[in-house]
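**Student:** This is the structure I have questions about; it appears just below.
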Amino acid sequence: MPKLTVDGVEVEVPAGATVLQACEIAGKEIPRFCYHERLSIAGNCRMCLVEVKPGPPKPQASCALPAADGQEVRTDSAMVRHAREGVMEFLLINHPLDCPICDQGGECDLQDQSLAYGKGHSRYDENKRAVTEKYMGPIVKTVMTRCIQCTRCIRFAEEVAGVEDIGAIGRGEQMQITTYLEHAIQSELSGNVVDLCPVGALTSKPYAFEARPWELRKTPAIDVMDAVGTNIRLDSRGRQVLRALPRLNEDVNEEWASDKTRHAVDGLVRRRLDRPFVRRGGELEPATWEEAFAAVGKKVAESHAKSVAVIAGDLVDCETMYAAKTLASSMGSALLEGRQTGLDYDTSSLSAVNFNSTIAGIERADVILLVGTNPRWEAPLVNTRIRKAVRKGAKLFAVGPEVDLTYKADWLGRDVGVLARIPKALREALEGAERPAVIVGGAGLKAEGVLGAALALAEKFKLVREDWNGFNVLHMAASRMGGLMLGYAHAGGIAGVAKAKPEILFMLGADELDTNPFGAYKIYIGHHGDSGAAAADVVLPGASYAEKPATYVNLEGRVQRSERAVFPPGDAREDWAILRALSDVLGHRLPFDSFEGLRAAMASEVPALGVEGLADYGWAPPKLAAKPKGEIAGYPIKDFYLTNAICRASPTMQRCSAEILHGQEFAEAAE
């Protein structure tokens, strides 16, 4: 490990580290525009100049200079200060003076670094260079005259997102960053280039001119658009969430977020349920809370006490599910189900339906088999990790219809029988692998015998070893693992619940549920006027994920907590509070009067839900039939941008779906 001196401080750095990284280890701040920790080194902005001895008597770019034994690095010499002032002066030569109308204002690296390292004046009096705007779709707004050509967006698109939509044309002063044909970026991760852009060249189109950062209240939260559990920050003003940004979590989402996570927030204020409704004469009519509760109470009194079922939707938090479970239990029912689309698989051991390699750990796999999953749509930030593994040399095989995963895959066809008659290439790869992994998706879980065959394959090729568990199930619903921990998995799935013919059906935000098999009296507790509310007999307006503190468990069994950013609209209330008030009317009073009491009771029953972090499920897979039959005709997600009620209410997600997936053209107004 090389030892070098930075401003008189001796530091030891790992082999292969750069001088810039050595300076940071020594506690020195090095300005940069093109360098980013997760992208390849470009070395083209020259802002990170330092003085290094031994070496030529001139400043050197620290981001591209390997650290070596005996180097003496100066970050604060007169030469370095003068060089940085010169670089900043050049960068600002063509930069427009439009900070007052730039959405990057207050969060701009160029602003911050020009203040800290610039001269304070310019000697340039020629005409400034201007660049025409480029169209990048409904997510990214461009003002390319501001671009300093750091190429971060290009490197992110190619290296992380896996799409080659963004690039540079022209040379020298004529160089421009563009999407070549100027179409929408064909990536579900395109919004990340806005965070990466160190100037105001790429900004968020849906958020344009909405607010300044110092106006916003910032709340840590957990995303519910998929099962990854992306750590986010909700920025709100008044009673409205204006944007969602990723928080750094190396174990989950690194510093990225999908476009759905970022921009579905405008659906939080549209199509909202803000008052109770009761069905009278076949029509849903507005009602008071007392009238709605009375209607439910009357129907329950007329029904058999044990004839109650609870169906949890994809976005529901653990506290709501626990409160509903406790209420149903007090009424003598155990009809609980969370797999609302009809999946039915063995849940006797949660380790057999968990993402055991962990999201970060899948990067270490050297052979990966995908079975009935399209991770690019089902879990985009798991897909980036798989892409990393492939870039490191991992071999990837896949069973299912061929799709563009952004990396090379050896497709084995649609027939799941291939798991029983393992092809030679796959067998040899698994036998020679140090860290083999299999990932079973929603389409795989639905196919007959696939889960058992995958477990048999895990046993045969020793996917579970002393320091490695390569057996993974990739869920798509934020509520799935939490629901399974709370027992929301009835024998036979939704069909089994329908077969029991419950007279009362509680629907907790269950908007993907086929209500036709149920002749029950339906009580919908949710936040959007979607298909669930339309089918209900009583609608009780609840709170969205942004409007309540909550616990969520992601696909790897990681327990995470979210905070309230804003309050629910109108007469809507937090879901647990609705169930607590309703329990009084039904004569089955729930044993808690506060959210803290609810959370304590839940942790008492399921201790793992009381502690943030990875839950330990052990490894005790059930013995299942390993006779896979049939073909995987398609994947569960047909439209990435419209997977839940919040997305379907979002104008931005509707536009993304229409333009990016369905090729609809939109006329752009001149600015």
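**Student:** Starting from the stretch 84-95, keep only residues that are polar (S, T, N, Q), then list their pairs with residues that are open to solvent by 20 Å² or more (accessible area, probe 1.4 Å) and in a loop (DSSP other than H, G, I, E, B) whose Cβ atoms are within a distance under 9 Å, requiring at least 6 positions of separation or different chains.
**Tutor:** Note: pairs meeting the criteria are 94/124; 94/128; 94/129; 94/130; 94/148.
**Student:** Looking only at the stretch 634-654, which residues are in a loop (DSSP other than H, G, I, E, B), under 14 Å from residue 138 (Cβ atoms) and open to solvent by less than 20 Å² (accessible area, probe 1.4 Å)? Let's see the steps before the verdict.
**Tutor:** Going residue by residue through the stretch 634-654, those that are in a loop (DSSP other than H, G, I, E, B) are 634-644, 650.
This time we only want the ones that are under 14 Å from residue 138 (Cβ atoms), so: 640-642, 650.
Once the filter is applied, which keeps residues that are in a loop (DSSP other than H, G, I, E, B), under 14 Å from residue 138 (Cβ atoms) and open to solvent by less than 20 Å² (accessible area, probe 1.4 Å), the stretch 634-654 yields 640, 641, 650.
**Student:** Just name the residue that is farthest from residue 315 (Cα to Cα) out of those in the stretch 459-475 that are crowded, with 23+ Cβ neighbours inside 10 Å and hydrophobic (A, V, I, L, M, F, W, C). Step through it out loud before you land on a result.
**Tutor:** Within the stretch 459-475, the first condition is being crowded, with 23+ Cβ neighbours inside 10 Å, and the residues that meet it are 463, 470-475.
Next cut, hydrophobic (A, V, I, L, M, F, W, C) only: 463, 471, 473-474.
Numbers: 463: 32, 471: 25, 473: 19, 474: 16 Å.
Here the residue is 463.
**Student:** Six or more apart or on different chains, Cβ under 6 Å: which pairs go from a residue in the stretch 33-59 that's closer than 30 Å to residue 384 by Cβ and in contact (Cβ under 8 Å) with a residue 12 or more places away in the chain to one that's buried (at least 20 other Cβ atoms within 10 Å of the Cβ) and of a type in the set (Gly, Ala, Ser)? Could you list them?
**Tutor:** 43/61; 46/61; 48/61; 48/62
**Student:** Pairs only if they're at least six apart or on different chains, beta carbon under 8 angstrom, first in the stretch 494-512 and under 24 Å from residue 529 (Cα atoms), second surrounded by fewer than 19 Cβ atoms within 10 Å (Cβ to Cβ) and among the hydroxyl-bearing types (Ser, Thr, Tyr); list them, first residue then second.
**Tutor:** These pairs meet every condition: 494/341; 503/303; 504/303; 511/531; 512/341; 512/531.
**Student:** Here is a follow-up. Go over the candidates 396, 463 one by one and state the one that is in contact with a Pro (Cβ under 7 Å, 6 or more places away or on another chain), under 13 Å from residue 366 (Cβ atoms) and touching a residue at least 24 places away in the same chain (Cβ under 8 Å). Explain how you work it out, then say what you get.
**Tutor:** Numbers: 396 fails: in contact with a Pro (Cβ under 7 Å, 6 or more places away or on another chain).
Of the residues listed, the single one that is in contact with a Pro (Cβ under 7 Å, 6 or more places away or on another chain), under 13 Å from residue 366 (Cβ atoms) and touching a residue at least 24 places away in the same chain (Cβ under 8 Å) is 463.
**Student:** Starting from residues that are among the hydrophobic types (A, V, I, L, M, F, W, C) and touching a Lys or Arg at 6+ places or on another chain (Cβ under 7 Å), keep the ones in the stretch 493-522 and report whichever is nearest to residue 313 (Cα to Cα).
**Tutor:** The residue in question is 507.
**Student:** Now for a different question. Select the strands (runs of 3 or more DSSP E) contained entirely in the stretch 351-470, then report the ones holding at least 1 residues which are touching a Phe, Trp or Tyr at 6+ places or on another chain (Cβ under 8 Å) and not hydrophobic (A, V, I, L, M, F, W, C).
**Tutor:** Details: elements: 367-371, 395-399, 436-440.
Hits in the stretch 351-470: 436-440.
**Student:** Just to be sure I understand the filter: pairs with C-beta atoms under 6 Å, separated by 6 or more residues or on different chains, first member in the stretch 154-178 and of a type in the set (Lys, Arg), second member outside any strand (DSSP E or B) and open to solvent by less than 40 Å² (accessible area, probe 1.4 Å). Which pairs pass?
**Tutor:** 155/39
**Student:** Does the stretch 78-101 hold any residues that are within 21 Å of residue 143 (Cβ to Cβ) and either in contact with a helix residue (DSSP H, G or I) (Cβ under 7 Å, 6 or more places away or on another chain) or not in a loop (DSSP other than H, G, I, E, B) (or both), and which are they?
**Tutor:** Residues satisfying the conditions are 88, 90, 91, 92, 93, 95, 96, 99, 100, 101.
Condition check ((1) open to solvent by 10 Å² or more (accessible area, probe 1.4 Å); (2) of a type in the set (A, V, I, L, M); (3) in contact with a strand residue (DSSP E or B) (Cβ under 7 Å, 6 or more places away or on another chain); (4) over 30 Å from residue 393 (Cβ atoms)) across all residues:
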{"site": "298", "(1), (2), (3), (4)": "yes, no, no, yes"}
{"site": "309", "(1), (2), (3), (4)": "no, yes, yes, yes"}
{"site": "335", "(1), (2), (3), (4)": "yes, yes, yes, yes"}
{"site": "343", "(1), (2), (3), (4)": "yes, yes, no, yes"}
{"site": "353", "(1), (2), (3), (4)": "no, yes, yes, no"}
{"site": "359", "(1), (2), (3), (4)": "no, yes, no, no"}
{"site": "362", "(1), (2), (3), (4)": "no, yes, yes, no"}
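**Student:** Among the residues of the stretch 368-395, write down those that are among the hydrophobic types (A, V, I, L, M, F, W, C) and open to solvent by 10 Å² or more (accessible area, probe 1.4 Å). Walk me through how you get there before you give the answer.
**Tutor:** So in the stretch 368-395, the residues among the hydrophobic types (A, V, I, L, M, F, W, C) come out as 368-371, 377, 379, 381-382, 386, 389-390, 394.
Of everything in the stretch 368-395, those that are among the hydrophobic types (A, V, I, L, M, F, W, C) and open to solvent by 10 Å² or more (accessible area, probe 1.4 Å) turn out to be 377, 390, 394.
**Student:** Also, quick follow-up: Looking only at residues that are farther than 19 Å from residue 331 by Cα and more than 30 Å from the chain's Cα centre (by Cα) in the stretch 511-535, which one is most open to solvent (accessible area, probe 1.4 Å)?
**Tutor:** 516
**Student:** Could you grab me the full set of residues in the stretch 547-575 that are among the hydrophobic types (A, V, I, L, M, F, W, C), touching a strand residue (DSSP E or B) at 6+ places or on another chain (Cβ under 7 Å) and more than 20 Å from residue 600 (Cα to Cα)? Spell out the reasoning first.
**Tutor:** Restricting attention to the stretch 547-575, the residues satisfying the condition of being among the hydrophobic types (A, V, I, L, M, F, W, C) are 550, 553, 555, 559, 565-567, 572.
Checking which are touching a strand residue (DSSP E or B) at 6+ places or on another chain (Cβ under 7 Å) leaves us with 550, 553, 555, 559, 565-566, 572.
Result: 555, 565, 566, 572.
**Student:** Now for a separate question. Could you tell me which of the residues 157, 116 is within 27 Å of the chain's Cα centre (by Cα) and at pLDDT 90 or above?
**Tutor:** Details: 116 fails: within 27 Å of the chain's Cα centre (by Cα).
Of 157, 116, the one residue that is within 27 Å of the chain's Cα centre (by Cα) and at pLDDT 90 or above is 157.
**Student:** Return yes when residue 600 is out of contact with any helix residue (DSSP H, G or I) (no Cβ under 7 Å at 6 or more places or on another chain) and either open to solvent by 30 Å² or more (accessible area, probe 1.4 Å) or among the charged types (D, E, K, R) (or both) and no when it is not. Lay out the reasoning, then the answer.
**Tutor:** Numbers: out of contact with any helix residue (DSSP H, G or I) (no Cβ under 7 Å at 6 or more places or on another chain): yes; either open to solvent by 30 Å² or more (accessible area, probe 1.4 Å) or among the charged types (D, E, K, R) (or both): yes.
Taking the combined requirement at face value, the residue satisfies it.
**Student:** Residue by residue through the stretch 75-116, note down the ones that are open to solvent by 60 Å² or more (accessible area, probe 1.4 Å), under 19 Å from residue 147 (Cβ atoms) and touching a Pro at 6+ places or on another chain (Cβ under 8 Å).
**Tutor:** 107
**Student:** Give me the residue from the stretch 267-283 that is buried (at least 18 other Cβ atoms within 10 Å of the Cβ) and aliphatic (A, V, I, L, M) and, out of that set, farthest from residue 655 (Cα to Cα).
**Tutor:** 278
**Student:** Find all pairs meeting these conditions: Cβ atoms under 9 angstrom apart; at least six residues apart or on different chains; first residue within the stretch 312-330 and under 14 Å from residue 507 (Cα atoms) and open to solvent by 10 Å² or more (accessible area, probe 1.4 Å); second residue part of a helix (DSSP H, G or I) and among the hydroxyl-bearing types (Ser, Thr, Tyr).
**Tutor:** 315/545
**Student:** Still on this structure, I have one more. One residue is enough: does the stretch 545-559 have a residue meeting the conditions buried (at least 20 other Cβ atoms within 10 Å of the Cβ), over 18 Å from the mean Cα position of the chain (by Cα) and assigned to a loop (DSSP other than H, G, I, E, B)?
**Tutor:** Restricting attention to the stretch 545-559, the residues satisfying the condition of being buried (at least 20 other Cβ atoms within 10 Å of the Cβ) are 545-548, 550-559.
With the extra rule that they be over 18 Å from the mean Cα position of the chain (by Cα), the set shrinks to 547-548.
Next, from what is left, pick out any that are assigned to a loop (DSSP other than H, G, I, E, B): 548.
Within the stretch 545-559 (the criterion being buried (at least 20 other Cβ atoms within 10 Å of the Cβ), over 18 Å from the mean Cα position of the chain (by Cα) and assigned to a loop (DSSP other than H, G, I, E, B)), the answer is yes, since at least one residue qualifies.
**Student:** Yes or no: residue 543 touching an Asp or Glu at 6+ places or on another chain (Cβ under 6 Å) and farther than 13 Å from residue 323 by Cα?
**Tutor:** On the way: touching an Asp or Glu at 6+ places or on another chain (Cβ under 6 Å): yes; farther than 13 Å from residue 323 by Cα: yes.
Spelling it out, residue 543 is indeed touching an Asp or Glu at 6+ places or on another chain (Cβ under 6 Å) and farther than 13 Å from residue 323 by Cα.
**Student:** Tell me which residues, restricted to the stretch 499-510, are out of contact with any strand residue (DSSP E or B) (no Cβ under 7 Å at 6 or more places or on another chain) and buried (at least 24 other Cβ atoms within 10 Å of the Cβ). Steps first, please.
**Tutor:** Step one: list which residues in the stretch 499-510 are out of contact with any strand residue (DSSP E or B) (no Cβ under 7 Å at 6 or more places or on another chain), which gives 499, 501.
The answer is none; no residue qualifies.
**Student:** Turning to a different aspect of this structure: Could you please give the count of residues in the stretch 455-466 that are at pLDDT 90 or above and of a type in the set (Asp, Glu)? It would help to see each step written out before you state the result.
**Tutor:** So the first thing to find is which residues in the stretch 455-466 are at pLDDT 90 or above, and the list is 455-465.
Applying the additional criterion that residues be of a type in the set (Asp, Glu) yields 459.
Here the count works out to 1.
**Student:** Being over 41 Å from the mean Cα position of the chain (by Cα), open to solvent by less than 50 Å² (accessible area, probe 1.4 Å) and at pLDDT below 90 is the filter here, so list the residues in the stretch 30-69 that pass it.
**Tutor:** Of everything in the stretch 30-69, just one residue is over 41 Å from the mean Cα position of the chain (by Cα), open to solvent by less than 50 Å² (accessible area, probe 1.4 Å) and at pLDDT below 90, namely 55.
The values are calculated or read from the model by the stated rules, or taken from the named source; none is laboratory data. Computed from a predicted structure; not experimentally measured. Cβ: placed from backbone, ideal geometry, glycine included. Neighbour counts: every protein chain shown. Remember, those area values only see protein heavy atoms, side chains included, never the ligands or the DNA or RNA. Shrake-Rupley method; radii C 1.70, N 1.55, O 1.52, S 1.80 Å.
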